[in-house]
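Following: one structure in structure tokens, then a few remarks.
The values are calculated or read from the model by the stated rules, or taken from the named source; none is laboratory data. Values in this document were obtained by computation on a predicted structure and should not be read as measured data. For neighbour counting, all protein chains shown are included, and Cβ atoms are generated from backbone atoms with ideal geometry for every residue, glycine included. Note: areas computed on protein heavy atoms with side chains; ligands, DNA, RNA excluded. Shrake-Rupley method; radii C 1.70, N 1.55, O 1.52, S 1.80 Å.
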Amino acid sequence: MNEELKRDIRQAEARSQYDTQCKRVLAHRIILAWIVRYTMSEFSSFSLEEIQDCIENPEISTVEVEPDINHGRKQPEKITGLATESSLPGEGRITYDVYFSLRLPAKNEYRRIYVNVEAQKKYHPGYQILSRGVYYTSRMISSQRGTEFSDSDYDKLKKVCSIWLCLNAPAEIGNAISEYSLTKHDILPGIPDIRSAYDKISIVQVALNEKKDSIHELTGMLNVLFSMTMPAETKLNILEHRYHMDLAPDLKGDVNVMCNLGDLAIDLGYERGIQQGLKQGLEQGLERGLEQGLQKGIKQGVQSGQDELILSMLRNHISPEDISHMTNLPLERIRHAAEAGN
């Protein structure tokens with residue numbers, strides 16, 4: 001097997017493992033609580049601790065649910081049932097990134113809401129994200145027949161919410177959050193508005209761009225969590241001190257693994273780029289010029305990467321002194337990057 005093919009296979013494997021690890025990180029209760037609090041109006045007044053207590057494992061028959069091994073004790077920090085599937089004869093298989101249910105206290109009883117969270121690396125994957133969200137929520141609704149209700153008892157239908165975290169949003173969009181839901185529009189007024197009868201579907205799109213300023217708590221936190229340029233220790237420091245997260249050891253471990261896999265994918269791609277540059281340069285007889293160019297390019301690449309990291313942290317309102325402490329970069333270097341980025 002030639003070296004280029006081996007490198008391609010290793011890079012594809014690293015990216016696949018990175019995607020899987022992102023889902024593992026996303027499934028932690030504290031991360032889901034953050035997402036729920038800022039995207040679902042029903043929980044906007046709840047504390048993060050209260051929301052974590054409301055999160056429960058999937059219970060519908062089409063979702064694989066891990067047996068309750070806690071026997072009523074404190075729930076685990078991470079949601080089980082990742083990569084759960086829903087299928088019908090003659091249809092393709094649907095795999096959810098994270099699928100769980102929420103218990104919403106209401107008038108001495110609990111109201112259940114089913115939630116699906118998806119992480120999307122490409123903002124323009126070749127189709128409209130919202131169209132896929134409509135399909136996902138439709139399946140989440142239809143799958144309740146035979147579990148939440150039967151025959152014509154449609155009033156027992158539970159609300160569903162599909163949340164899409166879209167990384168690498170275009171600069172003109174930056175960081176933004178929008179919700180799409182059913183509303184009542186009177187063509188000829190007179191019909192009473194019974195919102196509980198149709199408030200069953202919510203699709204939320206969260207656009208993320210770590211290169212743009214982020215003053216919103218959720219987009220700021222998610223840009224840090226999924227950054228491809230920020231070291232694991234820096235991420236953990238920001239999550240703990242700026243966002244006041246009490247990070248469990250298993251979440252810290254998952255973040256470390258995710259960062260390491262991301263670094264591996266980047267390194268393999270960087271290595272491949274250098275190899276291709278060498279091959280092309282040699283074919284053109286530019287050995288000396290290529291060697292000098294590579295050395296200069298590598299130096300500039302390192303500096304550019306440091307600048308991106310510094311600017312990203314500054315955009316998240318981390319002080320230059322704290323950045324210097326977290327990254328071991330001189331304070332003068334950080335101030336220079338900040339001035340150049342303005």
Cβ-based net charge around residue 54, under 13 Å, with every Lys or Arg adding one and every Asp or Glu removing one: 0
The FRET efficiency for residue 179 and residue 250, from their Cβ-Cβ distance with R0 = 25 Å and rounded to 0.05, is 0.20
Using the crude model of +1 on Lys and Arg Cβ and -1 on Asp and Glu Cβ, and no other charge, please compute the dipole size for the range 98-228 relative to its Cα centre, in debye to 20. 300 debye
Share antiparallel - DSSP beta bridges, the range 121-207, percent rounded to 5: 45 percent
I'd like the trypsin sites (Lys or Arg not before Pro) in the range 105-156 restricted to DSSP loop residues with at most 11 other Cβ atoms within 10 Å, sorted by number. 107, 122
Near residue 166, within a Cβ-to-Cβ distance under 10 Å, what is the net charge of the other residues, with Lys and Arg +1 and Asp and Glu -1? +1
In Å², nearest 10: area of residue 110 left accessible to a 1.4 Å probe: 140 Å²
Which whole-number value in Å³ per residue fits the convex hull of the alpha carbons of the range 131-266? 192 Å³
Just how much of residue 332 is accessible, in Å², when a 1.4 Å probe is used and the result is rounded to the nearest 10? 150 Å²
Surface per residue (accessible, 1.4 Å probe) for the range 134-240, Å²: 51 Å²
Once residue 149 and residue 112 are pulled to full extension, the length gained, defined as 0.36 nm per residue separation minus their Cα-Cα distance, is 12.0 nm
With every protein chain in place, the accessible area of residue 319 for a 1.4 Å probe, in Å² rounded to the nearest 10, comes to 40 Å²
